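The values are calculated or read from the model by the stated rules, or taken from the named source; none is laboratory data. For clarity, every value in this text was computed on a predicted model and none was experimentally measured. Every residue, glycine among them, receives a Cβ derived from its backbone with ideal geometry; neighbour counts consider all protein chains shown.
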Amino acid sequence: TDEKTALKQRITALLTEQRAVLVAHYYTDDDLQELAENTGGIVADSLEMARFGTQTDAATLVVCGVRFMGETAKILNPEKRVLMPDLAATCSLDEGCPAAEFSAFCDQHPERQVVVYANTSAAVKARADWVVTSSIALPIIKHLAAKGDKVLWAPDRHLGRYIQQVTGADMLLWNGACVVHEEFKSVALERLRRLHPDAAVLVHPESPAEIVAQATVVGSTTQLIKAVVELPQREFIVATDAGIFWKMRQLAPNKTLLPAPTAGEGATCESCAHCPWMAMNALQNLERVLLNGNQEILIDETIRRRAVVPIQRMLEFAR
Ligand code: 13P
Ligand code: SF4
């Protein structure tokens, strides 16, 4: 609509004025993803979002995603201003792993290397030896297991169990889960697969074991997008947040994409998986934050200095 176009133009002007760039996740609104791409920003998975922030010379990073993504940007780039459309956009994994409890758990297992998923608070990262995202978790745990290290893993138990299964590493798991990926239903997925026997099944590893067991490819958002482009199949059943379809359609317009069924009957779009916190990012609050700068990420310097170490370790390893 005209109104939306005008809003996008105002945001673009504000970004230029403030030397700001958009760093957006694939699960955000189509409009935000499009705007990020068209204004010199990026749409990416969490590892690439973290890396992009360190490589741009923009003065302000506007992180469209959830809170841990904004915090990671600030931890890595303390000299940059980091804004988010809404600081209240959290993540059930982050919420399910409070720093004090987590720290006490680590104290009980001093012999283990502490590996935390990126979907955690700055204070939890400050307690970790390694931070990993879904795209780099497997090779990092393989590397630790090869050295004979035992691992304390938090917070996602589904991702932890999947890594444990693939690598055979000795892992003690925290009991967290993603409320979005937990909703995929395995019997309904089996039924959908019978209706589409030639379809490849793409699964994010935050999904439960019975969903992962049905996968053709398990991977991070970027890895799943790559699979749609590169695999020979024409049809894909996708078990992750529906926000990812925008990029998949853009890069593979001739392929058929079917959302994996969530609670209820099915694969219609009303029952698509979609993260309620990712959905808190919109063009309207993006314009607002650029106008008044109030949703700014600030992190205690003592915590930041500790948290940056395991994140840098991951970025170094990923190079
Ligand atoms: P990715 O790193 O695969 O983009 O995952 C982030 C996330 O929050 C998935 O739910
Ligand atoms: Fe967190 Fe799940 Fe939302 Fe990703 S989709 S941000 S893991 S709640």
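Summary of computed values
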| read-out | value |
| --- | --- |
| Matching residues, the stretch 155-169, being out of contact with any helix residue (DSSP H, G or I) (no Cβ under 6 Å at 6 or more places or on another chain) and either outside the structural domain of Pro139 (by TED's automatic domain parsing) or within 16 Å of ligand 2 (Cβ to nearest atom) (or both) | Arg157, His158, Leu159, Gly160, Arg161 |
| Residue list for the stretch 15-30, filter: in contact with a helix residue (DSSP H, G or I) (Cβ under 9 Å, 6 or more places away or on another chain), surrounded by fewer than 18 Cβ atoms within 10 Å (Cβ to Cβ) and in contact (Cβ under 8 Å) with a residue 24 or more places away in the chain | Gln18, Asp30 |
| Which listed residue, of Glu190, Glu235, Glu206, Glu230, is among the acidic types (Asp, Glu), at pLDDT 95 or above and in contact with a helix residue (DSSP H, G or I) (Cβ under 7 Å, 6 or more places away or on another chain) | Glu206 |
| Strands (runs of 3 or more DSSP E) fully within the stretch 118-179 counting 2 or more residues that are touching a strand residue (DSSP E or B) at 6+ places or on another chain (Cβ under 8 Å) and surrounded by fewer than 24 Cβ atoms within 10 Å (Cβ to Cβ) | 171-173 |
| Helices (runs of 4 or more DSSP H) (entirely within the stretch 205-288) containing at least 3 residues that are in the same structural domain as Pro85 (by TED's automatic domain parsing) and within 15 Å of ligand 1 (Cβ to nearest atom) | none |
| Identity of the residue in the stretch 260-291, under 18 Å from the mean Cα position of the chain (by Cα) and within 27 Å of Val212 (Cβ to Cβ), that ends up modelled with the lowest pLDDT | Cys272 |
